[in-house]
Structure formats: C-alpha cells, structure tokens
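Each reported figure results from applying straightforward, stated rules to the coordinates on display, with no laboratory input. Worth saying up front: this structure is predicted, and the values here are computed from it rather than measured. No Cβ is skipped: glycine too gets one built from the backbone with ideal geometry, and neighbour counts run over all protein chains shown.
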C-alpha cells in the first residue's frame, strides 16, 4: 500500500505580491520572512437548562492576526510611502496581498490572499556602524480576510 499524500512544503520558497485593486503589482517578491497568517474564531457558548454534560458551542466572530513582512533594506520607498499615505490622514489606500508558496520545482502550489490590507506599523532597519549584517525593514499589515486561493 503506497502513501499518496504529497510531501510537505519547504517554507523558504514563497513570493509575496501587494497590489492596488485594478492595477499591477505595487511591490513584492524580495521578502525574507512572512509571519501572522492566522485566523481565530472565538466560539459562542450557549448554556441551556437541563443540559448538564456541557454547553453548546456555536461559531463566533473571526479575527485575524497582524501579518508581519520583513525584507532587506533597499533603495525602494514603496512600503514606507504606502504607510505614510495612510498614517498622514489621507485616504487609506487598501491593497490586496497574495502569498504564493512554491514547491521545489518553483511551481506555485498554495496561494494565500489577504483582503483589504492596511499598514499599521513600519520599522526601518537599525543602523550600527560596527555591524556587518544586512539591515531588515518590517511592515505590519492589518487585514480584513484570509483566504486560500488554490
């Protein structure tokens, strides 16, 4: 009897694309880390008289974790510009994001989509004249939905 289940995916093969609705990619690709792809549903507990063996559980509201993107600092200002537009009190440009997980052959096998993303924190790289490591910048995204596209 053979095991037909697919091999687990490596988590270091992924591509991130951030788009404004109706337009092409605003930024993407060169991210070193993506964390926070999670959704949590808080169940509603309903207690009823005479049911002494436990309460009934019903689905409640779903909340989403903040997604944190990290990348090496570059000359591109695209992420900070987006944060600055939102933080400056202007129109809150919402964007969609796609995180494509790839197999060893480089083919996309899973795509996560984030709906109506908004930057809530930008962290520039720490500067240290004694250091030799690459500077990392962070963008924290609040969003209104996590979907599995394929």
Handout entry: Folded to 0 to 90 degrees: helix 78-87 orientation relative to the chain principal axis, Cα
Key = 60
Fill in the blank from the handout: Ranked by GNM mean-square fluctuation in the chain (Cα springs under 10 Å), the top entry among 99, 46, 18 is 46
Handout entry: Of 100, 51, 65, the one that fluctuates the most in a GNM where the chain has Cα springs shorter than 10 Å
Key = 51
Exercise for the section: Pick out which of 131, 36, 49 has the largest mean-square fluctuation in a Gaussian network model of the chain, springs linking Cα atoms closer than 10 Å. Expected result: 49
Fill in the blank from the handout: Ranked on Cβ counts within 10 Å of their own Cβ, fewest leading, 9, 79, 114 go 9, 79, 114
Exercise for the section: Please order 82, 112 by the number of other Cβ within 10 Å, starting at the fewest. Expected result: 112, 82
Completion exercise
Put in order of increasing Cβ neighbours within 10 Å, starting from the fewest, 121, 130 give 130, 121
Practice task
Mind sorting out which of (1) 1.10; (2) 1.52; (3) 0.95 is the real Rg/Rh (Cα atoms, Kirkwood Rh) computed from the coordinates?
Solution key: (1)
